[in-house]
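Participant: Input: one structure, supplied below.
The values are calculated or read from the model by the stated rules, or taken from the named source; none is laboratory data. Computed from a predicted structure; not experimentally measured. Using ideal geometry, Cβ is built from the backbone for each residue, glycine included, and neighbour counts are taken over all protein chains shown. When the accessible area is computed, the model is the full protein with side chains, heavy atoms only, and any ligands, DNA or RNA have been set aside. Shrake-Rupley method; radii C 1.70, N 1.55, O 1.52, S 1.80 Å.
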Amino acid sequence: MISFPELGVGENVLKAINELGFKEPTPIQQQAIPILLKNERAFIGLAQTGTGKTAAFGIPLLELIDLPLPLTQALILAPTRELCVQISNDLVKYSKFSRSVNITAVYGGASITTQIRQIKKGTQIVAATPGRLLDLINRGAINMKSIRYVVLDEADEMLNMGFQEDIDEILSHLPKERRVWLFSATMPQEVRSIANRYMHNPFELTIGKKNEGAENTEHFYYVVHERDRYQALRRILDSTPEIFGIIFCRTKIDTQKISESLAKDGYNADALHGDLTQAQRDKVMARYRSHNLDVLVATDVAARGIDVNDITHVIHYNLPDEPESYLHRSGRTARAGKSGTSVALANVREIDKIRFIEKKMNAKIRLARIPDAVQICEQQLMNLVKKIHHVKVNEQGIIKYLQPVFDEFSELSKEDLIKRMVSIEFNRF
């Protein structure tokens with residue numbers, strides 16, 4: 001395995017990423033970093049979400065920009081506020097020991113005056129959403145002529161969200177000698193068109209196969225009647241008591257309706273959709289990132305750019321219209337080498353769509369049976385047993401309560417105590 005020093009990464013960045021716990025570069029980092037550091041050509045990097053793409057382009061940017069020069073030299077375009085902020089925060093971490101580096105995130109929903117002030121102080125790298133960047137360009141608040149590097153991150157998602165015209169407008173303001181780096185999980189025709197228009201003879205790097213899902217993701221589908229869709233969802237949730245997942249719905253109305261129904265039925269769920277204010281969205285995401293929510297119910301657009309680790313399940317309550325959207329949804333799980341599960345609910349008429357998605361992503365989506373009461377009960381009981389087995393005992397906190405408890409249980413054998421403990425959960429369920 002090649003190490004970060006062998007890739008040509010400088011001492012200051014090495015010190016920062018070592019402190020962050022980066023041991024070995026991921027495949028996209030291992031192959032992209034030396035190319036971006038040495039090659040003057042445009043670049044296309046295709047890799048699934050969660051494979052380390054931010055470091056793959058962020059580390060070379062930090063090495064290539066002219067640090068003493070207080071001008072905007074690199075621009076990173078991202079589809080959503082969340083991804084924009086995440087990229088900015090990551091670059092700040094990578095540049096912890098690099099002097100005179102300023103990085104600014106610009107996006108809607110925050111003070112544009114503050115963002116303009118930060119840029120005018122001398123920001124070398126700007127991470128931006130397309131809409132807010134166009135606002136800054138129209139106000140003359142950012143010097144586009146000094147930009148030497150442009151990164152289009154999650155390019156396929158930006159185009160899916162309707163940013164084609166914005167991207168064309170932004171790229172038209174850039175100098176001809178700029179280098180364009182395009183990173184994407186899939187390569188639909190719209191992304192290829194961007195590459196053909198704005199990139200001359202790009203170096204193309206593909207990690208895995210184009211439009212292929214993560215290898216560590218298992219894919220299942222359940223055939224359900226429309227009237228049983230919500231009850232099927234409940235059974236899936238009940239059979240996976242340790243779930244930390246995202247449920248995808250097609251519309252904002254469905255998203256709100258499903259999340260409210262789940263909360264009413266005792267599930268730890270909340271909704272994320274376009275009708276939420278930025279403050280409401282931030283609150284929901286803060287709860288989700290801190291694992292105070294078990295499941296997030298979201299539309300495709302609202303979930304774009306969400307970067308949360310350890311997601312165990314993606315549930316397609318409604319199948320998306322495009323295979324690429326299925327891939328993006330499923331890419332929220334099985335990140336950074338971990339395993340995950342993608343589950344789809346489909347009616348009989350949608351089985352052909354399942355087959356089409358299989359063909360596009362070159363992976364099998366297996367038919368599964370909706371969990372029955374016996375299976376659910378077994379999973380719930382075993383989850384309780386695991387929790388008891390692995391619970392961290394607070395010796396000092398409980399010591400004064402133990403003797404009365406021991407006295408209460410003194411006549412029970414170990415077997416009787418376990419039976420009663422398990423029966424509490426069994427009877428409740």
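Participant: Would you check which residues across the range 193-240 are modelled with pLDDT under 90 and among the aromatic types (F, W, Y) and list them?
Facilitator: Of everything in the range 193-240, just one residue is modelled with pLDDT under 90 and among the aromatic types (F, W, Y), namely Y198.
Participant: Determine, yes or no, whether E415 is among the acidic types (D, E) and closer than 19 Å to S325 by Cα.
Facilitator: Spelling it out, it is not the case that E415 is among the acidic types (D, E) and closer than 19 Å to S325 by Cα.
Participant: Have a look at V106, V180, V191 and point out the one that is closer than 27 Å to G331 by Cα, in contact (Cβ under 8 Å) with a residue 60 or more places away in the chain and under 27 Å from the mean Cα position of the chain (by Cα).
Facilitator: Exactly one of V106, V180, V191 is closer than 27 Å to G331 by Cα, in contact (Cβ under 8 Å) with a residue 60 or more places away in the chain and under 27 Å from the mean Cα position of the chain (by Cα), namely V180.
Participant: Considering the range 1-24 alone, what residues qualify as being buried (at least 16 other Cβ atoms within 10 Å of the Cβ) and over 19 Å from R148 (Cβ atoms)?
Facilitator: Our first condition is that a residue be buried (at least 16 other Cβ atoms within 10 Å of the Cβ); within the range 1-24, this holds for 4, 7, 9, 12-14, 16-17, 22.
Within the range 1-24, F4, L7, V9, N12, L14, A16, I17, F22 meet the criteria.
Participant: Moving on to the next point. Can we say Q115 is at pLDDT 95 or above, touching a strand residue (DSSP E or B) at 6+ places or on another chain (Cβ under 9 Å) and closer than 19 Å to R179 by Cα?
Facilitator: Against the criterion (at pLDDT 95 or above, touching a strand residue (DSSP E or B) at 6+ places or on another chain (Cβ under 9 Å) and closer than 19 Å to R179 by Cα), Q115 does not qualify.
Participant: Counting just the residues of the range 413-427 that are open to solvent by less than 100 Å² (accessible area, probe 1.4 Å) and hydrophobic (A, V, I, L, M, F, W, C), which one comes out farthest from H389 (Cα to Cα)?
Facilitator: The selected residue is L417.
Participant: OK, next. I'm trying to understand the selection: among the residues of the range 86-113, which are in a helix (DSSP H, G or I) and open to solvent by 20 Å² or more (accessible area, probe 1.4 Å)?
Facilitator: Passing the criteria: Q86, N89, D90, V92, K93, I112, T113.
Participant: To continue, here is another question. Within the range 135-229, considering only helices (runs of 4 or more DSSP H) that don't extend past its boundaries, which have at least 2 residues that are among the acidic types (D, E) and open to solvent by less than 10 Å² (accessible area, probe 1.4 Å)?
Facilitator: Per the criteria, 155-160.
Participant: Scan the range 48-62 residue by residue and report those that are in contact with a helix residue (DSSP H, G or I) (Cβ under 9 Å, 6 or more places away or on another chain) and not in a helix (DSSP H, G or I).
Facilitator: Q48, T49, T51, G52
Participant: Looking for something open to solvent by less than 10 Å² (accessible area, probe 1.4 Å), touching a Leu at 6+ places or on another chain (Cβ under 9 Å) and at pLDDT below 95 - is there at least one such residue anywhere in the range 56-71?
Facilitator: No; the residues of the range 56-71 include none that is open to solvent by less than 10 Å² (accessible area, probe 1.4 Å), touching a Leu at 6+ places or on another chain (Cβ under 9 Å) and at pLDDT below 95.
Participant: To continue, here is another question. So which residues in the range 25-47 are in contact with a strand residue (DSSP E or B) (Cβ under 9 Å, 6 or more places away or on another chain), open to solvent by 10 Å² or more (accessible area, probe 1.4 Å) and not in a helix (DSSP H, G or I)?
Facilitator: N39, E40, R41, A42
Participant: On to the next question. For the range 370-394, what are the residues that are loosely packed, with under 10 Cβ neighbours inside 10 Å and closer than 25 Å to H225 by Cα?
Facilitator: Going through the range 370-394, the residues loosely packed, with under 10 Cβ neighbours inside 10 Å turn out to be 374, 389-394.
Of everything in the range 370-394, just one residue is loosely packed, with under 10 Cβ neighbours inside 10 Å and closer than 25 Å to H225 by Cα, namely V374.
Participant: Might you let me know whether the range 142-155 holds any residue that is modelled with pLDDT under 95 and among the acidic types (D, E)?
Facilitator: Yes, the range 142-155 contains a residue that is modelled with pLDDT under 95 and among the acidic types (D, E).
Participant: Let me ask something else. Pick from R229, R250, R197, R281: which is under 16 Å from R329 (Cβ atoms) and of a type in the set (K, R)?
Facilitator: So the residue among R229, R250, R197, R281 that is under 16 Å from R329 (Cβ atoms) and of a type in the set (K, R) is R250.
Participant: Between residues in the range 248-268 that are free of Cβ contacts under 8 Å to residues at least 24 places away in the same chain and open to solvent by 70 Å² or more (accessible area, probe 1.4 Å) and residues that are outside any loop (DSSP other than H, G, I, E, B) and not charged (D, E, K, R), which pairs lie under 8 Å by C-beta distance while being six or more apart or on different chains?
Facilitator: E260/A271
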